[in-house]
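Report on the following structure.
The values are calculated or read from the model by the stated rules, or taken from the named source; none is laboratory data. Bear in mind the structure is a predicted one, so any value in this text is a computation, not a measurement. All Cβ positions, glycine included, derive from the backbone under ideal geometry; neighbour counts span all protein chains shown.
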Amino acid sequence: MAELIDGKALARTLDERTRADVAALVAAGGPRPGLAVVLVGDDPASQVYVRRKIKGCEAVGITSFERRLPATTTEGELMAVIAGLNADPQVHGILCQVPLPPHIDQGAVLDAILPDKDVDGFHPVNVGRLSTGTGGIVPCTPLGVMMLLDSVLPDLKGLDVVVIGKSNIVGKPIAMLLLEREATVTVTHIHTKDLPQITRKADIIVAAAGSPELVRGDWVKPGAVIIDVGITRIAGENGKDRLVGDVAFAEMDHARAVTPVPGGVGPMTIACLLSNTVKAARVSAGETVAEAETL
Ligand code: GUN
């Protein structure tokens with residue numbers, strides 16, 4: 001049987017460290033970390049995510065600032081909200097939930113967030129820092145993936161990793177983080193030829209294609225470590241929805257370790273967002289990025 005990599009337990013541990021770090025920062029006369037969460041419109045999934053992020057803040061002692069705006073908000077109005085948050089010294093992190101309504105230029109809005117407050121790590125300055133290995137804020141899901149990997153395989157040097165998915169939010173930043181750790185990284189995607197032949201050679205597979213149960217048992221060599229970032233909601237026959245990953249979980253007995261869906265990568269994402277917010281607050285209080293990274 002493959003070992004289950006327990007994202008819920010690891011997220012709880014990270015939250016405890018974040019809570020202690022917030023308390024220590026405040027006790028030392030530093031600022032109480034503040035996270036602004038901006039939601040435009042009423043997309044039901046986004047509302048759920050935003051509620052979880054706000055609750056997560058409460059649990060670790062981060063002050064949250066919620067900005068809910070109607071779907072009719074213009075790009076100019078949203079930009080004015082972002083400018084206000086950029087200028088607010090109580091706000092150390094800003095997260096603008098995507099997707100934004102189609103009449104708003106998402107790239108322009110994300111670019112308007114100050115890089116040092118961009119706790120999503122989506123700003124081109126942070127993307128550039130990540131690809132040059134020069135610090136900056138790392139996107140939450142890729143950071144969570146690295147922590148999950150570290151819990152089973154602390155030394156990634158020379159290991160063959162196949163990433164499935166080339167998104168800006170997950171696939172590309174994960175590839176950069178793995179390269180930084182001197183793994184040998186192959187980035188593939190849904191149009192890659194002979195994908196199973198490539199994944200069969202991998203010591204680690206990170207599946208982030210958004211394609212339910214794409215990775216089958218015979219795509220995986222015995223002893224490989226499997227990180228499943230995919231999460232697709234599928235309507236069940238009993239009327240209840242079911243969450244399905246990119247990996248056919250029931251076929252992974254021969255793997256060394258595998259993340260479940262749900263309960264693997266998902267819980268780590270919010271824990272990493274909270275941790276990024278504390279790092280941003282510490283940097284704003286004068287710590288160097290390297291010092292803030294010690295969290
Ligand atoms: N929408 C879905 N996931 C995310 C995320 O991690 N950050 C933001 N800003 N929006 C999202």
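Here are the numbers for the structure shown:
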read-out	value
Lone qualifier among A87, A80, A71 - being surrounded by fewer than 16 Cβ atoms within 10 Å (Cβ to Cβ) and under 15 Å from A280 (Cα atoms)	A87
Subset tally (residues that are surrounded by fewer than 17 Cβ atoms within 10 Å (Cβ to Cβ) and either in contact with a Phe, Trp or Tyr (Cβ under 6 Å, 6 or more places away or on another chain) or of a type in the set (K, R) (or both)) for the range 49-66	3
Complete set of residues in the range 98-120 that are of a type outside the set (A, V, I, L, M, F, W, C) and either surrounded by fewer than 19 Cβ atoms within 10 Å (Cβ to Cβ) or part of a helix (DSSP H, G or I) (or both)	P99, P101, P102, H103, D105, Q106, G107, D111, P115, D116, K117
Breaking point among (1) at pLDDT 95 or above; (2) out of contact with any Ser or Thr (no Cβ under 7 Å at 6 or more places or on another chain); (3) at positive phi, for E251	(3)
Members of the range 201-253 found to be among the charged types (D, E, K, R) and in contact with a strand residue (DSSP E or B) (Cβ under 9 Å, 6 or more places away or on another chain), listed by number	K201, D203, E213, R216, D228, R233, D241, R242, D246, E251
Matching residues in the range 110-120 - criterion: being within 12 Å of the ligand (Cβ to nearest atom) and hydrophobic (A, V, I, L, M, F, W, C)	L110, I113, V119
So A20, is it surrounded by 13 or more Cβ atoms within 10 Å (Cβ to Cβ) and either aromatic (F, W, Y) or free of Cβ contacts under 8 Å to residues at least 60 places away in the same chain (or both)	yes
Single match in G107, G93, G56 (criterion: touching a Pro at 6+ places or on another chain (Cβ under 8 Å) and within 16 Å of the ligand (Cβ to nearest atom))	G93
Helices (runs of 4 or more DSSP H) wholly inside the range 195-295 that include at least 3 residues being within 25 Å of P31 (Cα to Cα) and free of Cβ contacts under 8 Å to residues at least 24 places away in the same chain	none
Long-range neighbours under 8 Å by Cβ, at least six apart or interchain, first residue farther than 19 Å from L110 by Cβ within the range 35-58, second among the polar types (S, T, N, Q)	I54/S64; C57/T63; C57/S64; C57/T277; E58/S64
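Conditions (1) modelled with pLDDT of 95 or more; (2) more than 13 Å from the ligand (Cβ to nearest atom); (3) in a loop (DSSP other than H, G, I, E, B), marked per residue:
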site	(1), (2), (3)
F122	yes, no, yes
V127	yes, yes, no
G135	no, yes, yes
M146	yes, yes, no
L149	yes, yes, no
D155	yes, yes, yes
